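A short worksheet on the structure shown next.
The values are calculated or read from the model by the stated rules, or taken from the named source; none is laboratory data. In this text the structure is predicted, and so the values were computed from the model without any measurement. Neighbour counts are summed over all protein chains in view; Cβ atoms, including those assigned to glycine, are modelled from backbone coordinates with ideal geometry. Side chains are part of the model used for accessible areas, which takes the heavy atoms of the whole protein and leaves out ligands, DNA and RNA. Shrake-Rupley method; radii C 1.70, N 1.55, O 1.52, S 1.80 Å.
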Amino acid sequence: MKIFKCNGLSIKMLVYNTILVSIILTIFYGCAQENPLLYDTTRRDSSVSIRFINMSNDGFPRLFSMDGTFGFSQTEFGACTEAFVSPLDSVHYSLLSNGKEQYSTKVQGALKKSFYRSTIQTYISGQSSTNKDSSILIQSSVFKSNSLKGNASLKVINMIADSSFIIDITLGCQNGIPIGNGLSNTSISNDVLISSGFYTITLKNKRTNEIIGMYANNTIGFFKDSIYTLILSKSNKNKSIRVFVLNELDLTSSAIKEIQLTSMLESELSIINLSSIQTDIKRDISGQQSDILNSVDPLSIISKKISVCLSSLEDRILINQTGFTQLLSISFINFAPSASYAAIIVDSMGYKAGKTFLFSLQKPQLTASTSSIKFINADYSLNGISIGIGARTSDNGQFQSGSLLVQSLKAGDISQSLIIPSGILPITILSSTLPQKRIDQWISTVQSGMSYIVVIEKQRVTCIEESSLQKFTMDQGTFTQIVHAANSEKSFICSLDNVLINAPLFVDGVLGTVVKTYKNVEFSFNGSLPMKYSTYADSSLFVCVSDNYSAVSYNYPNGGIFYDKAGLRVINLLKDSSIIYSLDYDPITKTGVPIFSNVLPGTSSSYHYVDRDRRLSFGILSNNTQLPLSLTNNISISTGKNYSFIVLPNGLITKVIIRQEF
């Protein structure tokens, strides 16, 4: 008999041949009232779900019972019950086989067991590896509110009642991702976060260093924001070790599935040659080289099945030019069975086929009208890039304002997969250093339910659909800004080619997006007749929607932004008055520095460049009367940026809005 004390109270617990193994985190032996996190049946935001899994090694059914208040059905080996919400905040429980009680906390004299609130409690029966007549109950707990940020959580419980097995377990081959190390009977591993996908599971006996087996099922995957437990077991009716996976957040009786032993130790490797030369691809396994594919032409894609799990070391993929022996690039990876991989070969840093991106193809779960994209930065002319998406109307008819998709993606790096509404895809490539500069822009379309790899090179962007491995080149784009330049009482509904459809342009607002280059694009607002603008590679559209001039584009050159200067121009949207832009204008002395004179109505000035960061005060003067129409003070400007000062009527006064040109 063991005696435990809590705040001076003695608790007597008898130890029988039957063993209870529990997780301290989720069970309290007395003093429960002191913990505010415990389950309280009177609180609406508090619940506990309880289920039972039979992993008893004799292979016979078991019945799990809790205080007789609610019963579980007779449960076969390898099966689980439905999860019930407990009506009680603390319970006694028992385990029966063939009507005979094998274990009971009440008989043992233990206190009732309490739970953390908002948890799912799983009880798993087993047997001791040293006493075959005893029973074991493992209690495993997860919180319902776990935040996994797009990953899956995985842990392992070893219920093999055989002391000759100490288990190491990995995802993939034996050199894959370790998820459990040295697990003896009833051991529970730590939780591990993994990317969603389908995995092969390898078991190795740590005692003998022998591979027990590899287990895989292409219909059983680990999905994002889900919690899983792998349960290892072996029944007397089937002497082989079996692997089950429990989806912890599934409260039905189908939450557990068995992953079968497999001998299919193959994967598929797709060679995507985006380089400018024909290449040969070899594989090095423990110093032994073999050919995978030879004479892969530029801009071609070829797939091949390869054997995996041939060594405990990493595989090496070697690239050389066809007909030459010089090694151009080398990549390392642990290939896993029943998986798909891509090797994307690109030119880099002045070397043809000088870089290979080698990675697994993990297609995320997608809902209707969504697509997945991941970016590869293969532009080695810059240290890094950021990637933005322009304003657009997606396939589901929803307006999407522009946003930054990826920030500071270094050359040679691959972004995480991003899930976006499917449809038109207008992207801008930006420098990752400050002041941030727009480098290029591209446009294409992504289809609903499909996943894409987007490879960004210096003068080309290639999209590869992961399932079909079909590729296409994105179209060169022209950056476009649509500026609200009317009086402050009006908003507009705008459409721009197939990029924007009935998009809102609010007072003082701007829509930034990308349209196809070398095309006559159409723009309309508030049901107006379409206006057409020609797009070119060397300039950007700057459409001002105004009262006096409808919608006119005051294009600006793409090469007109300098890191050490700030560019200023004036756009005159007044109807009858030419204007003067006077820097540092003093209305008392009526003096200033006239930068632009006689800017005609409906036109734009040229650019004036300032060679330092500063604050500006300026006046807009009537060219006819020399009197000020508008005065603006203390405006901050920065080098590396250009600005448009748009002059427009606003009722009886003259208004100036300032917009940065990207």
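Structural remarks
- Each Cα pair under 8 Å and six or more residues apart adds its separation to the average, and for the range 176-271 the resulting relative contact order is 20 percent.
- Our note on the geometry: Cα centres of the range 302-342 and the range 152-199, 27 Å apart.
- Across all directions, the average flat footprint of the convex hull enclosing the Cα atoms of the range 321-393 is 8.3 nm².
- When only Cα pairs below 8 angstrom with a gap of at least 6 residues are kept, the chain shows a relative contact order of 7 percent.
- Inter-part distance where the range 414-439 and the range 464-534 are each reduced to a Cα centre, Å: 17
- Over the range 98-171, the alpha carbon radius of gyration divided by the compact-protein estimate 2.2 N^0.38 Å works out to 1.44.
- Compared with the rule-of-thumb size 2.2 N^0.38 Å for a compact globular protein, the range 450-516 has a Cα radius of gyration ratio of 1.54.
- Applying 1/(1 + (r/R0)^6) with r as the Cβ-Cβ distance of THR473 and ASP191 and R0 = 25 angstrom yields a FRET efficiency of 0.05.
- The range 607-662: projected area of the alpha-carbon convex hull, averaged over directions, in nm²: 4.6
- ASP576 accessible area, assembled protein chains, probe 1.4 Å, Å²: 130
- Inter-part distance where the range 612-662 and the range 87-133 are each reduced to a Cα centre, Å: 77
- Modelled this way, with points 7 Å down the Cα-to-C-beta line, the labels at LEU251 and THR603 are 7.3 nm from one another.
- Label selected from (i) 1.12; (ii) 1.20; (iii) 1.07, the criterion being Rg/Rh (Cα atoms, Kirkwood Rh) as computed here: (i)
- Taking each of LYS149/LYS471; LYS224/LYS374; LYS149/LYS206 in turn, the alpha-carbon distance tops 23 angstrom for LYS149/LYS471; LYS149/LYS206.
- Using bins of 10 Å that start at zero, the share of Cα-Cα pairs per bin across the range 123-225 amounts to 15, 40, 35, 10, 0, in whole %.
- In summary, the lysines within cross-link reach of LYS113, defined as a Cα separation below 30 angstrom excluding same-chain residues under 8 places away, comprise LYS2, LYS5, LYS12, LYS100, LYS132, LYS144, LYS155, LYS234, LYS257.
- Candidate aspartates and glutamates - alpha carbon under 20 Å from LYS305, same-chain residues fewer than 8 apart omitted: GLU266, GLU268, ASP280, ASP284, ASP291, ASP297, GLU314, ASP315, GLU465, GLU466
- Shown for the chain: the carbon plus sulfur share of the solvent-accessible area, taken with all protein chains present and a 1.4 angstrom probe, equals 50%.
- Residue-normalised accessible area of the chain, given per residue in Å² at a 1.4 Å probe: 45
- Placing one equal scatterer on every Cα of the range 563-662 and applying the Debye formula, the log10 ratio I(q)/I(0) at q = 0.14, 0.20, 0.21 Å⁻¹ is -0.48, -0.98, -1.07.
- Partners of LYS565 within straight-line reach, counting aspartates and glutamates whose Cα lies under 18 Å from its Cα and excluding those fewer than 8 residues away in the same chain: ASP611, ASP613, GLU661.
- Simple label model, 7 Å out from Cα along Cβ direction - SER448 to LEU88, nm: 5.1
- Taking 0.890 mPa s as the viscosity and 25 °C as the temperature, the Stokes-Einstein diffusion coefficient of the range 346-432 based on its alpha-carbon Kirkwood radius rounds to 171 µm²/s.
- With a Förster radius of 25 Å applied to the C-beta separation of GLN74 and ASN238, the computed FRET efficiency comes to 0.80.
- Across the alpha-carbon set of the range 248-395, the Rg to Rh ratio works out to 1.06, Rh being the Kirkwood radius.
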